[in-house]
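The values are calculated or read from the model by the stated rules, or taken from the named source; none is laboratory data. These figures come from a predicted structure and were not determined experimentally. All Cβ positions, glycine included, derive from the backbone under ideal geometry; neighbour counts span all protein chains shown. Side chains included, ligands, DNA and RNA excluded: accessible areas come from the protein's heavy atoms. Shrake-Rupley method; radii C 1.70, N 1.55, O 1.52, S 1.80 Å.
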Amino acid sequence: PGVNTTATMTLMYFGHGTQIAVEKANDGDYIWVGSNGTFTDGEYGNNLSFSRVKFEGGATHKSYAGDTYVFTETGEYDLQVSLDFDTKKLLLGTRKGGQRHFAVYNLDEVLNLPKKDVVISTQVEGAVQNPVVNARDLSDCTPISRFSVSAGVNKDTDVYSYSHQGHEVVGDYIYFYEGNAIDDGNGEYYSKAYLTTFNYGGEIVVPRTEVIAIADKANLKKEGLTNIGYAEA
């Protein structure tokens, strides 16, 4: 109720949606988002592709749409994309073996990759689906750089010791965002978020820094964002 469906596009079974990029192109607006999610632990996630989907009010797409991109080389999953249109960079984030993997590509090279048929196996609506998707494979493109971040142990000091909540490429730098809402045991929460800045070589150039706004429970409530302190980054 109250939703203007003519101005809303629905993407079903695409996945968790951690990363969403918006592109304003000459022929319209596009959404870049993870796609081909699979049903795991009560929700759709662990997507095996990402898609560039033209925004069309009232449209509904299932699993994938538009131009779809995969990375078939190493069995990595949870594909999440971010873009810097000014410098023509595409950052692909993936997950495998307790690590987050990052690769930076030239955006024009990615857009010009040839398409090929790829079988993507997911579980959707209680059944295994094996669609043949005509997709562009980033495994066929040489990255500008590639590095990995291992899960941390000490939440006070270690990068990626909280849940990964997003990443961005801007110019020569990659921003890694992590955090969680934490139950205080009394029906209330306190929340933590941290930002770490890497260069393309995977070296930390700005140390892991707490995002104080997420921890400011009183101000979050004052701003009407949360009454119980729950602010997942």
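Return yes or no: is GLY152 under 21 Å from the mean Cα position of the chain (by Cα), closer than 23 Å to GLY97 by Cβ and open to solvent by less than 70 Å² (accessible area, probe 1.4 Å)? Spelling it out, GLY152 is indeed under 21 Å from the mean Cα position of the chain (by Cα), closer than 23 Å to GLY97 by Cβ and open to solvent by less than 70 Å² (accessible area, probe 1.4 Å). Considering only residues in region 21-43 that are within 23 Å of GLU168 (Cβ to Cβ) and hydroxyl-bearing (Ser, Thr, Tyr), the one that is most open to solvent (accessible area, probe 1.4 Å) turns out to be TYR30. Looking across PHE71, PHE55, one residue alone is open to solvent by 10 Å² or more (accessible area, probe 1.4 Å), under 16 Å from the mean Cα position of the chain (by Cα), in contact (Cβ under 8 Å) with a residue 12 or more places away in the chain and on the phi < 0 side of the Ramachandran plot. It is PHE71.
Quick test for you: out of THR157, THR142, pick the one residue that is in contact (Cβ under 8 Å) with a residue 40 or more places away in the chain, open to solvent by 70 Å² or more (accessible area, probe 1.4 Å), assigned to a loop (DSSP other than H, G, I, E, B) and more than 20 Å from TYR77 (Cβ to Cβ). Step through it out loud before you land on a result.
On the way: THR142 fails: in contact (Cβ under 8 Å) with a residue 40 or more places away in the chain.
Exactly one residue qualifies, and that residue is THR157.
Conditions (1) over 16 Å from CYS141 (Cα atoms); (2) not in a loop (DSSP other than H, G, I, E, B), marked per residue:
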site	(1), (2)
THR74	no, no
ASP78	yes, yes
GLY93	no, yes
ARG100	yes, yes
VAL110	no, yes
LYS116	no, yes
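Filtered by the rule that a residue be in contact (Cβ under 8 Å) with a residue 40 or more places away in the chain, open to solvent by less than 40 Å² (accessible area, probe 1.4 Å) and among the β-branched types (Val, Ile, Thr), region 184-233 gives no residues.
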